[in-house]
Amino acid sequence: MDKQSFFWRIMAGELPPPRAAQTLGAVFLHVDGEAGLAELQFDGKPEFTNPAGNIQGGFLAAMLDDTMGPALAATLKQGEFAPTLNLNVSFHRAAVVGVLTGKGRVIKRGRDVCFLAGELFQNGELVASATATAIVRAMTK
């Protein structure tokens, strides 16, 4: 964990949050960089709904990615980033317009390859879960 990394600079307000996170209405509730844990709240907006009125699965997948990613980003050194290589999502129940809470964690962090897991909840019920693989790389400008 390096407090000068881009993630911690975003958390300190020194850098703007990613636009995708802004679109999803992401708000950090808890981050533990030592343990590789993150908990976020998302705004399931009416603009995210499918014809049935439920939040479209792609937005739920993005919320999960934006939950697991910060759990890993909080562990990175300055000059590192970790793009997602693989994202596997399971949908457990429909999500409706409203607040969703994501919980993400680093399962195993190797030198380059990292394994992540996360869950997305609404009103205390599991909506979707995911696993992901990410790879640590040096940032280039």
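The values are calculated or read from the model by the stated rules, or taken from the named source; none is laboratory data. Just so we're clear, the structure is a prediction, and the values are computed from it rather than from any experiment. Methodologically, a virtual Cβ is constructed for each residue, glycine included, from the backbone with ideal geometry; neighbour enumeration extends over all protein chains shown.
At-a-glance table
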item: Flag if Glu125 is of a type outside the set (A, V, I, L, M), in contact with a strand residue (DSSP E or B) (Cβ under 6 Å, 6 or more places away or on another chain) and modelled with pLDDT of 95 or more; result: no
item: Yes/no for Phe121 being surrounded by 13 or more Cβ atoms within 10 Å (Cβ to Cβ), free of Cβ contacts under 8 Å to residues at least 40 places away in the same chain and part of a helix (DSSP H, G or I); result: no
item: Ala134 being over 21 Å from Val27 (Cβ atoms) and crowded, with 17+ Cβ neighbours inside 10 Å; result: yes
